[in-house]
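Structure record follows, encoded as structure tokens.
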Amino acid sequence: MPELPEVETIKRNLRPNIIGKTISEIEILSPKNFIGDKKSAIGKKIVKVERYGKVLILTLSNNEYLNIHFKLSGQMLFSENVNKAVFKNPIPFTKSNTMPANTTRVIIKFKNGSGLFFNDLRKFGWIKVSDKPLIPKGIDVLSKKFTPNVIEGLTNKTRRPIKVLLMDQDLITGIGNIYANDSLFLAKIHPQRPANSLNKNEVKNLHKAILQEIKKGINDQGSSGADEAFILPDGSKGKHQRNFLVYQREKQPCLICKTIIKRIKHHGRSSFFCPHCQK
Ligand SMILES: [Zn+2]
């Protein structure tokens, strides 16, 4: 699932390609993935591309918004030639390097002949038209408001496992399974620890670890791991999977102590950790 670094990467790559362009048509191939009236977007210019948590928000010239959530398997591809789109590599889950593909749900066409393909194998992702931006409730990891005090305020109140708390988008927004696992490893905290058992120092280390991992993910242009759909808008892969610490490293040695990394199913998701380093 695209997390903050992946959506940030999509945002940075889309900006130079779509800001200032006029939407000439929106083709909805799967009505489930497009909510609202497409007519309010047609003929409008894209004036801004922003990211809040894992949500990408395009501001249109009529002050309407296209809000995009990638959920489990969403992809956004940009082509200079929307009617004959060819990419360098085969696109994950489509078995093809041409668009539209079997997983393409929405096509946004621009007046100059370029366009966007919104692909989503699992169909949980969406594009919503709205008159207000759909900004997630939680505090964005990259905002100035995200401080050790914020984490302390959240952890103090609950015995919920720390990893589950970090991934609750209504509290903190942007962290999913990849960056939660690797941040907890870096902070030497076991994913199942009750949140209120963390001391001040651990909270401080965790805050630092989250920022470090999220920023590394952005520098690596996101993670395109073994079973993940994430790709950049030009069809190329992210590089952060080469720098995973514990995520998807089950049965491999810990990078610090060589103990074998464990994987457990935890609240419906896989947790990866070093049983020796993480307490
Ligand atoms: Zn270890």
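Filtering region 119-136 for residues that are surrounded by fewer than 23 Cβ atoms within 10 Å (Cβ to Cβ), in contact with an Asp or Glu (Cβ under 8 Å, 6 or more places away or on another chain) and charged (D, E, K, R) leaves a non-empty set.
A single member of Ile256, Ile231, Ile261 is without any contact (Cβ under 8 Å) to a residue 24 or more places away in the chain, farther than 24 Å from Val150 by Cβ and crowded, with 17+ Cβ neighbours inside 10 Å, and it is Ile261.
As for region 86-104, it holds at least one residue that is exposed (fewer than 13 other Cβ atoms within 10 Å of the Cβ) and of a type in the set (A, V, I, L, M, F, W, C). Out of curiosity, is Asn33 over 16 Å from Ser223 (Cβ atoms) and within 20 Å of the chain's Cα centre (by Cα)? Yes: the conditions hold for Asn33.
Regarding region 202-221, can at least one residue be identified that is under 20 Å from the mean Cα position of the chain (by Cα), crowded, with 16+ Cβ neighbours inside 10 Å, at pLDDT 95 or above and on the phi > 0 side of the Ramachandran plot? Within region 202-221, one or more residues are under 20 Å from the mean Cα position of the chain (by Cα), crowded, with 16+ Cβ neighbours inside 10 Å, at pLDDT 95 or above and on the phi > 0 side of the Ramachandran plot.
Selection of first residues in region 128-155 that are without any contact (Cβ under 8 Å) to a residue 40 or more places away in the chain and of second residues that are surrounded by 18 or more Cβ atoms within 10 Å (Cβ to Cβ) and in a loop (DSSP other than H, G, I, E, B), restricted to Cβ pairs under 7 Å at least 6 apart or on distinct chains, gives the following pairs, ordered by first then second residue: Ile139/Phe146. With respect to the stated conditions, Lys145 is in the same structural domain as Ser236 (by TED's automatic domain parsing) and farther than 20 Å from Ile28 by Cα.
Screening the candidates Leu154, Leu116, Leu166 for the property of being buried (at least 19 other Cβ atoms within 10 Å of the Cβ) and closer than 30 Å to Val86 by Cα yields one hit, Leu116.
Return the residue satisfying two criteria in turn: it lies in region 174-188 and is surrounded by fewer than 24 Cβ atoms within 10 Å (Cβ to Cβ) and in contact (Cβ under 8 Å) with a residue 40 or more places away in the chain, and of such residues it is farthest from Gln241 (Cα to Cα). If we take residues in region 174-188 being surrounded by fewer than 24 Cβ atoms within 10 Å (Cβ to Cβ) and in contact (Cβ under 8 Å) with a residue 40 or more places away in the chain, then Lys188 is farthest from Gln241 (Cα to Cα).
The values are calculated or read from the model by the stated rules, or taken from the named source; none is laboratory data. Predicted, not measured: the structure shown is a model, and the values here were computed from it. Because the Cβ atoms are built from the backbone with ideal geometry, glycine has one as well, and the counts that use them run over all protein chains shown.
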